[in-house]
Amino acid sequence: MNPRRRIKRAIERVGARTLDFLSAALFLWSVFAHTLVGTIRGKRPKGEVVKQMYIIGNKSLVFVGVTLGFIGMVMIYQTCLQFGRITGDLSRIGHEFAKILVHDFAPTLTAMMLSTRVGAGIAAEVGSMKVTEQVDALRMSGVAPIDYLIVPRFIACVVMMVVLSIFGAVVAFVLGGLTAANAFGVNTHTYFDLSGVNFTHLGLGLTKAVAYGMAIPIISGYCGLRAQGSSEGVGSATTAAVIGSSFAVIVLDFIISAFGLIVLGEGL
């Protein structure tokens, strides 16, 4: 092949991918902006937010509780095991675990769990409506698809992310305490010492929970609205939603944690 033609095709491929990326980023921003406007405007189906809160929150209680509970037990067991070998002093295990659980582990792990369950569900539902032209039917009826499909899930996910993060933190901390007491003889009064948790930790944890709750439905709804073809397109959109939501949680965790460290410093 002619070297000039090969270079030309390479440049065209790079340019096409760049344009696709910019188009996707612009559409994602459009979904986010329209969702915020729709949330403020309040034009959404009556009772849909409560329904989505039940689907996102109530149906995730067992999933989040079991996952965070086992993670809490494993973390406390391994921490006590290693500290016991090094220093033998386990008096501050609960004190430090409560802090990191509140400002990082509980909201982040809860969000990772919801990225798989809730993110996949939103993308599959919206994607199915997209490929069966129900989204186009909503537009023809004068209904904004984002107001009808994304906004109720957005509000419900933000609220329930905070609730589930608190629930997950309590379960992980309590089961971790039972593990420490039964396996290593840690005094329960010493373990359940929450004096180290202050408003800084609570504020940082709630900020992360709200940010995650906003990111998951936005990215999942975006993936669903970009679904094309048939059931294969819905499957691809669902996979992209899980990957994108999980990646967004990790990136937001780093950004918010770094910002908190810079601003608050030793307060953490």
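Only the coordinates and a few stated rules stand behind these numbers; no lab work does. What you are looking at is a predicted structure, and each value in this text was computed from that prediction instead of being measured. Don't worry about glycine lacking a Cβ; one is built from the backbone with ideal geometry, like all the others, and counts go over all protein chains shown.
Modelled label-to-label distance, residue 183 and residue 207, 7 Å Cα→beta-carbon offset: nm?
Simple spin-label model gives 3.3 nm for this pair.
Using alpha carbons only, how many angstrom separate the centre of segment 161-206 from the centre of segment 2-81?
Taking the Cα centre of each part, segment 161-206 and segment 2-81 sit 28 Å apart.
Once each part is reduced to its C-alpha centroid, what is the distance from segment 212-264 to segment 107-131 in angstrom?
Their Cα centres are 9 Å away from one another.
Can you work out the PRE-style zone for residue 230? Point 7 Å along Cα to Cβ, and I want the residues of segment 124-160 with backbone N under 13 Å.
Answer for segment 124-160: 132.
Spin-label point model (7 Å from Cα, Cβ direction): what's the residue 243 to residue 91 distance in nm?
Label-label distance for residue 243 and residue 91, simple model: 5.1 nm.
What distance in nm separates the simple spin-label points at residue 66 and residue 41, each placed 7 Å from Cα in the Cβ direction?
Output for this residue pair reads 4.1 nm.
Considering the values (i) 164; (ii) 193; (iii) 137, which represents volume of the Cα convex hull per residue in Å³ as calculated for the structure under consideration?
(ii)
Between their Cα atoms, which of 99/208; 43/208; 46/208 are more than 23 Å away from each other?
Correct reply: 43/208; 46/208.
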